[in-house]
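Below is one structure, written out as structure tokens; the observations come after it.
The values are calculated or read from the model by the stated rules, or taken from the named source; none is laboratory data. Here the structure is a predicted model, which is why all the values come from computation and not from measurement. Heads up, the Cβs are rebuilt from the backbone with ideal geometry, glycines too, and the neighbour counts pull from every protein chain shown. Please note that ligands, DNA and RNA were not included when accessible areas were found on the heavy atoms of the full protein model with its side chains. Shrake-Rupley method; radii C 1.70, N 1.55, O 1.52, S 1.80 Å.
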Amino acid sequence: MFSLKVEEIIRHSETISTIFFSGKLRSYPGQFIMLNVFGLEEIPLSLSSPDSVTVKAVGETTKALISIPTGTFVGVRGPFGRPFSPTNKKALFVAGGIGIAPLVFLNDFLTACGAKVRLLYGAKSSDELVWVDRFDEVRISTEDGSEGLKGTVLDLLKDENLRDYDRIYVCGPEAMLRKVLEIVKKEGMEKRTEFSVERMMKCGIGVCGSCVLEDGLRVCAEGPVFRGDELLW
Amino acid sequence: MYERLLRIELCGMKMKNPMMLASGILGSYASSLTRLSEHAGAVVAKSVGMEEREGYANPTVINYSHGLINAVGLASPGAVKFAEELSKYEGDAPLIVSLFASEPQEFAALTSYFPMASAFELNLSCPHAEKVGLAIGSDPELVYEVVREVAKSTQKPVFAKLSPNVDVVEIGKAAEEAGADAVVAINTLKGMKIDIVARKPILSNVSGGVSGEAMKPIAVKAVWDLYEELSIPIIGAGGVTSWKDIVEFMMAGATAVQIGSAFYYSNRYFYSLKESLIAYVRWTGERLEDIVGAAHS
């Protein structure tokens, strides 16, 4: 456990911010930190770069976090968890809502590896789309039709030839992950697809047992990234 | 073939080795208990009380250089819901259900909810929850009452989990006199950690229980003292991280040992320790059961 200073904050919209820390963490895309907002709660957050988290306000702590004053110290434990495995070939990203956060980090990492990344990005409305300009190839869907295709990211996925890709990386709400898993299984691509799974987490270090999956694996330690063939859904 | 030398019997329960999962670690869901039971002698579920209990806000578990400090606050879904969860347990190792309550009758009432339990462990020692845990376990008379009531309510073995924050032998004796089948020593030690930049305690509950390697010598001493004074089996717990720690606890007088914080390192811990213990008995040629109390002359 250590403390980092909030150096800069980018307010993407009313509910989403990216918080940059005073120091880079030795980390890989897909890993998370346990971030303690003193006086509130400690919560797990995916890194959106080695020195940032991209957060959506959903609870008391995240609400405070998206407008945290620069210069504030926050407690950090981690980075923890198994990261995404890299590729230097063609990669498809499937992001739902704030699930974009670890994929922004992954995009930087894979691009440096020489991979070609295509992003399918679904959100509720256009103001929830963040970091879109960081990607070369993007297809967007919004539920209210305010940008891109009106629908969900699953509608975008229908037009893709999944077998063209060396890896598929998925992050978003669990209902979406489950549906994407069904789709990739039909294409026989589940071993090449990696899912960043979210569960209610407390300790982040594999001891409390709050985040275990149906087969007893721990999201915080064996995950949060699981291959499709490792998930029992 | 050496694996059979690891077998022990604890209060009539046949165990494939002396390793038990400690309560509060990875014990909230049947799925993880089942997974861990593959190489464990027994597993202990997370402490359960009659009613649902929220527990404290995060941070509730933190790691420091020599172990963990936790103040989870006995978060529990309550007896009915947890019994439903535990009914899905599919492991072949005995399942032990850990109970907490604020008075003897409530403890006794809990046992009937858990037909899947092979034994019950009484949490008389959680150092960070009000009115339960250590609040009960620091009073020898109350411990006597609790153990007696629970023992009356069930035919299954009853273990009393003791705290190092009080006189462990005095409480252990009270439990034995009341009819406990074994004692578990020890629960966590009181402790805390302060963030020196924020100048604030890190745990939301300010203080909690220290576990892990740092507390091992304290736990070994508690087991040693209990072995001298008690005639019921002792289950050692506190900082077991390597196979040598298991051997050490057993030589101090423990029939079995509980392992918890070490799962910080890997969830394959039982497997790796089991393999090491097999190597140990191959070297000594002795049954593990025969080294219990070997250091007492």
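Laid out as a table, the results:
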| item | result |
| --- | --- |
| Dimensionless Rg ratio for region A:1-149, taking C-alpha atoms and the 2.2 N^0.38 Å reference | 1.04 |
| Accessible area of the protein assembly as shown belonging to carbon and sulfur atoms, whole % at 1.4 Å probe | 49 percent |
| Förster radius 45 Å - calculated FRET efficiency between A:ARG163 and A:MET200 (Cβ-Cβ, nearest 0.05) | 0.80 |
| Surface per residue (accessible, 1.4 Å probe) for the protein assembly as shown, Å² | 40 Å² |
| Compactness of chain B as Cα Rg over 2.2 N^0.38 Å, two decimals | 0.93 |
| Highest-MSF residue in chain A out of A:ILE168, A:ILE66, A:ILE183 [GNM, Cα springs under 10 Å] | A:ILE183 |
| Selected from A:ARG77, A:ARG192, A:ARG26 as most flexible by GNM, with chain A as the system and alpha-carbon contacts under 10 Å | A:ARG26 |
| Cβ neighbours within 10 Å from other chains - mean over B:28-39 | 4 |
| Those aspartates and glutamates that a straight Cα-Cα span of less than 13 Å connects to A:LYS185, excepting residues fewer than 8 apart in one chain | A:GLU194, A:ASP229, A:GLU230 |
| Dimensionless Rg over Rh [the protein assembly as shown; C-alpha; Kirkwood] | 1.02 |
| Check: the protein assembly as shown dipole with +1 on Lys, Arg Cβ and -1 on Asp, Glu Cβ, in debye | 1300 debye |
| Amide H contacts under 5 Å for B:ARG53, placed H, 5+ residues apart | B:SER76, B:GLY78 |
| Dipole axis of region B:1-138 (+1 Lys, Arg; -1 Asp, Glu on Cβ), positive-most option in B:LEU122, B:ALA75, B:ALA101 | B:LEU122 |
| DSSP-defined beta bridges in chain B - what % are antiparallel, rounded to 5 | 40 percent |
| Hull-based mean projected area of region A:90-230, where the convex hull spans the alpha carbons, in square nanometres | 8.5 nm² |
| Cα shape, region B:45-104, gyration tensor, a/c 1.5 rule | oblate |
| Accessible surface, 1.4 Å probe, highest first, among residues A:THR142, B:THR34 | B:THR34, A:THR142 |
| Label zone at A:THR111 (point 7 Å along Cα-to-Cβ), backbone N below 17 Å, region A:6-29 | A:29 |
| Interatomic Cα distance distribution for region A:2-80, bins of 5 angstrom, percent | 3, 17, 31, 29, 16, 3, 0 |
| Among B:HIS296, B:SER153, B:ASN187 the positive-end extreme of the charge dipole of region B:144-297 (Cβ point charges) | B:ASN187 |
| About the Cα centre, charge dipole magnitude for region B:182-281 (Lys/Arg +1, Asp/Glu -1 at Cβ), debye | 460 debye |
